[in-house]
Amino acid sequence: MTEPVDLAVIGAGPAGLAAATTAAAHGLTVLLLDEQAEPGGQVWRQAERILGADSSGLGKVAASYGGAREAVAALRQSALDYRPGATVFDVSPDLRLSWLQREADGGGTRHAIREGAAKALILATGAMERPLPFPGWTLPGVMGVGALQTALKVGGLRPGSEGLVLAGQGPLLLLYLAQIAALGGRAAAILDLAPPGRMTAAFPGLPQAFFGDPRTMIRGFGLLLRRALSGARIYRGVTRLAALGDESLEHLSFESGGRRHELPCSLLGVHDGVIPSTQVSRLLGLEHRWHDERQCFEPLCDPDGRSSDAWVWIAGDGGGVEGADLATLRGTLAALKAAEHLGRLPTAESEKAAAPLRARRARQQRARAFLDRLYAPVPLENHLTDDTPICRCEGVTTAAVRQAVDQGAGGPNRVKTFTRCGMGPCQGRFCGPSLVRLIAAETGQPPDETGALRIRPPLKPILLGDYLEAEPEL
Amino acid sequence: MTWFVRTGSGEAVRVIVDGAPLEARAGESVATALLAAGHRSFARNPASGAPNGTYCLIGQCFGCLCTIDGRPQSQACLTPVAEGMVVETGEQVGTGDD
């Protein structure tokens, strides 16, 4: 067993990069583990390539990479132990971490199980798109808008001549639309899945939102304007969305303006906001709370990101979605507090640095509160049918889940036992969030009482061969 | 009829997909290389046998599992392409017997 490092950080997006480099700058030994091959997380995906790209091509995407250049430069200049290609599959309560390391080996790639230990841990595992189940959402050709954006950043892929339809709501959908427009792409239609009346509900918070974070708000209105100018046909208040096709998506059916519509479509981007990735925080048994407005569980944290475990902090969207700008701030804050807790930074110094960060965060959160209300999650019942699969892996339908609840399965883990919902390769990442909402709707019980799917190691499937080849010290 | 078109430029990397050569772009994932080449599905669903949608591209949905350089159930969206890499699509996810 090797000596524990002072701090382990999981995730090299904005929060993780800030946390790791800040901690290292204060003299801590830092291990930074990230699943991707390059730093940046999702929002700054392939940061070094995108920032270096031609401004007439993919460089146009770099406008949403504010802060990335400095963050990645800080990483490259730091002496911290950065391990890309590291898929963390277990973290024990005493902070021993196990991961599958992918590394170049001659002409090929080799995989090996690695283990390390840390005195303190910062989780910066980010967010994922909120799953929005509707009939046909498992067909090839239906993708998250975040996935389409990733394809753009990673492979330079934008939708081709067959035409793209976007369905959903939220800032990411608008940003993607603007990004492809800058590169000569377009969406043929946009299906706005927000129920009517959302702007009226959110409107009273608008002045506070502008006061709190004018930059984000101005950027947002700019994106709305660009949507209006994009030439895409906009259908509002869309319900009963269905994707249809034989082996892959061929057309869409939906209701809008009191009548049924059909559209030919081979590529559909779906988006209903993002929610924290809580696999590791759940595995560690940290306390979580249901956020009613955001319709998801979030780890319970103090204003500095410290979780219910005194040695574990959560930074960035994994601790509640607040966006990339605040993720950097939250990473810095968590690192200062971890350094203080380890006795490496006097409390007076850490407080002096933390106070202005907390104040800026509180101010900018007013814009987030407005966005939370404006883009409140699409009600599941607007699109679900009895035979819609909730669980993509196992094909478990809404009706099967409801039947299990009727038969006495009062929580997600019982439903899993009854139906196999959550037992497939994704281990409940894609069904868990909808399952919790569905059970709450069926039983009338708050999700804090029904709970979430239990998460066990390995967090991702590991081959038996990897274990057999593991170092003897394990 | 093209599903996706490439923008920008990059260094070419040659991989082998189901026995045929495919030109990919350095730094991209196996999943985007397959999408660019017109593959709509890389795997079949373990329960239904239907073609799996590749939904998230960030390692969460497991809809893109392929055999990569002989390693079964690899997440194509998290695997960077490499010169000479051998990719087999269309496996029955979850069988693990290959």
Which residue pairs have Cβ atoms under 6 Å apart, sit 6 or more places apart or on different chains, and have a first residue in region A:208-236 that is part of a helix (DSSP H, G or I) and a second that is small (G, A, S)? A:A209/A:A367; A:G212/A:A367; A:T216/A:A367; A:M217/A:A209; A:M217/A:A367; A:L223/A:A178; A:R226/A:A178
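Any idea which residue in region A:65-80 is modelled with the lowest pLDDT, counting only those that are within 30 Å of A:G222 (Cα to Cα) and surrounded by fewer than 19 Cβ atoms within 10 Å (Cβ to Cβ)? Steps first, please.
Within region A:65-80, the subset within 30 Å of A:G222 (Cα to Cα) is A:65-73.
So of that shortlist, the ones also surrounded by fewer than 19 Cβ atoms within 10 Å (Cβ to Cβ) come out as A:66-67, A:69-70, A:73.
On the way: A:G66: 91, A:G67: 95, A:R69: 96, A:E70: 97, A:A73: 97.
Looking at residues that are within 30 Å of A:G222 (Cα to Cα) and surrounded by fewer than 19 Cβ atoms within 10 Å (Cβ to Cβ), I get A:G66.
Hey, can you tell me all the residues within region A:255-288 that are of a type in the set (K, R) and in contact (Cβ under 8 Å) with a residue 60 or more places away in the chain? Spell out how you get there, then give the answer.
Taking region A:255-288 first, the residues of a type in the set (K, R) are A:259-260, A:282.
Scanning region A:255-288 gives a single hit, A:R282.
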Can you tell me which residue among B:R14, B:R44, B:R40 is touching a Ser or Thr at 6+ places or on another chain (Cβ under 9 Å) and among the basic types (K, R)? B:R40
Scanning region A:372-401 for residues that are closer than 15 Å to A:L206 by Cα and touching a Gly at 6+ places or on another chain (Cβ under 8 Å), the one nearest to the other protein chains (Cβ to nearest Cβ) turns out to be A:Y375
Taking region A:23-61 as the search range and keeping residues that are more than 30 Å from A:L336 (Cβ to Cβ) and assigned to a loop (DSSP other than H, G, I, E, B), which one is modelled with the highest pLDDT? A:G52
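Residues that are touching a helix residue (DSSP H, G or I) at 6+ places or on another chain (Cβ under 9 Å) and closer than 18 Å to A:I275 by Cβ, at least 1 per element: which helices (runs of 4 or more DSSP H) completely within region A:359-474 meet that? So that I can check it myself, show each step before the final result.
On the way: elements: A:398-406, A:412-419, A:432-443, A:447-450, A:464-468.
Correct list: A:412-419, A:432-443, A:447-450.
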Residue check for A:P446: crowded, with 22+ Cβ neighbours inside 10 Å and of a type outside the set (D, E): no
If A:M143 satisfies all but one of (1) surrounded by fewer than 23 Cβ atoms within 10 Å (Cβ to Cβ); (2) in a strand (DSSP E or B); (3) of a type outside the set (K, R), what's the number of the condition it fails? (1)
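Quick one: would you say B:C66 is part of a loop (DSSP other than H, G, I, E, B), in contact with a helix residue (DSSP H, G or I) (Cβ under 6 Å, 6 or more places away or on another chain) and closer than 22 Å to A:K460 by Cα?
Judged against the criteria, B:C66 is not a match.
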Give me the pairs, please: first residue somewhere in region A:318-331 and basic (K, R), second residue anywhere and at pLDDT 95 or above, beta-carbon distance under 8 Å, and either six or more positions apart or on two chains. A:R330/A:A15; A:R330/A:A18; A:R330/A:G305; A:R330/A:A315; A:R330/A:G316; A:R330/A:G319; A:R330/A:E322; A:R330/A:R361
List the number of the failed condition for A:S161; all other conditions in (1) out of contact with any Ser or Thr (no Cβ under 8 Å at 6 or more places or on another chain); (2) small (G, A, S); (3) within 9 Å of chain B (Cβ to nearest Cβ) hold. (1)
Looking for something touching a Phe, Trp or Tyr at 6+ places or on another chain (Cβ under 8 Å) and surrounded by fewer than 16 Cβ atoms within 10 Å (Cβ to Cβ) - is there at least one such residue anywhere in region A:408-424? no
I need every pair where a residue in region A:425-449 that is outside the structural domain of A:T138 (by TED's automatic domain parsing) and free of Cβ contacts under 8 Å to residues at least 12 places away in the same chain has its Cβ under 8 Å from the Cβ of a residue that is part of a helix (DSSP H, G or I) and surrounded by 16 or more Cβ atoms within 10 Å (Cβ to Cβ), sequence separation at least 6 or different chains. A:A440/A:P447; A:A440/A:T450
Specify which of the listed residues (A:G170, A:G146) is within 8 Å of chain B (Cβ to nearest Cβ), farther than 17 Å from A:L252 by Cβ and within 16 Å of the chain's Cα centre (by Cα). A:G146
As an exercise: evaluate A:R76 against (1) within 13 Å of A:L31 (Cβ to Cβ); (2) of a type outside the set (G, A, S); (3) out of contact with any Asp or Glu (no Cβ under 6 Å at 6 or more places or on another chain) and give the number of the one condition it does not meet. (1)
When you go through (1) more than 8 Å from chain A (Cβ to nearest Cβ); (2) outside any strand (DSSP E or B); (3) more than 24 Å from A:G40 (Cα to Cα) one by one for B:V87, which number turns out not to apply? (2)
Please go through region A:68-79 and give me each residue that is in contact (Cβ under 8 Å) with a residue 40 or more places away in the chain and out of contact with any helix residue (DSSP H, G or I) (no Cβ under 6 Å at 6 or more places or on another chain), ordered by number. A:A79
Residue hits (region B:1-60; assigned to a strand (DSSP E or B), more than 7 Å from chain A (Cβ to nearest Cβ) and touching a residue at least 12 places away in the same chain (Cβ under 8 Å)) are B:A12, B:V13, B:R14, B:V15, B:I16, B:V17, B:L22, B:A24, B:R44
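Filter region A:228-239 for residues that are under 30 Å from A:Y65 (Cβ atoms) and modelled with pLDDT of 95 or more and give the result.
Narrowing region A:228-239 to residues under 30 Å from A:Y65 (Cβ atoms): A:228-232, A:234.
If the condition is that a residue be under 30 Å from A:Y65 (Cβ atoms) and modelled with pLDDT of 95 or more, then A:I234 is the only one that fits.
Quick check on this structure: which one of A:R294, A:R260 is under 30 Å from A:G163 (Cβ atoms), more than 14 Å from chain B (Cβ to nearest Cβ) and not in a helix (DSSP H, G or I)?
Working: A:R294 fails: under 30 Å from A:G163 (Cβ atoms).
Sole residue among the options that is under 30 Å from A:G163 (Cβ atoms), more than 14 Å from chain B (Cβ to nearest Cβ) and not in a helix (DSSP H, G or I): A:R260.
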Checking A:T200 against (1) β-branched (V, I, T); (2) over 23 Å from A:G146 (Cβ atoms); (3) in contact with a helix residue (DSSP H, G or I) (Cβ under 7 Å, 6 or more places away or on another chain), only one condition comes out false. Which one? (3)
Being buried (at least 18 other Cβ atoms within 10 Å of the Cβ) and closer than 18 Å to A:G220 by Cα: is that true of A:A334 here? no
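The values are calculated or read from the model by the stated rules, or taken from the named source; none is laboratory data. These numbers were taken from a predicted model, which means no experiment stands behind them. Ideal geometry is used to build each Cβ from the backbone, glycine not excepted, and the neighbour counts take in all protein chains shown.
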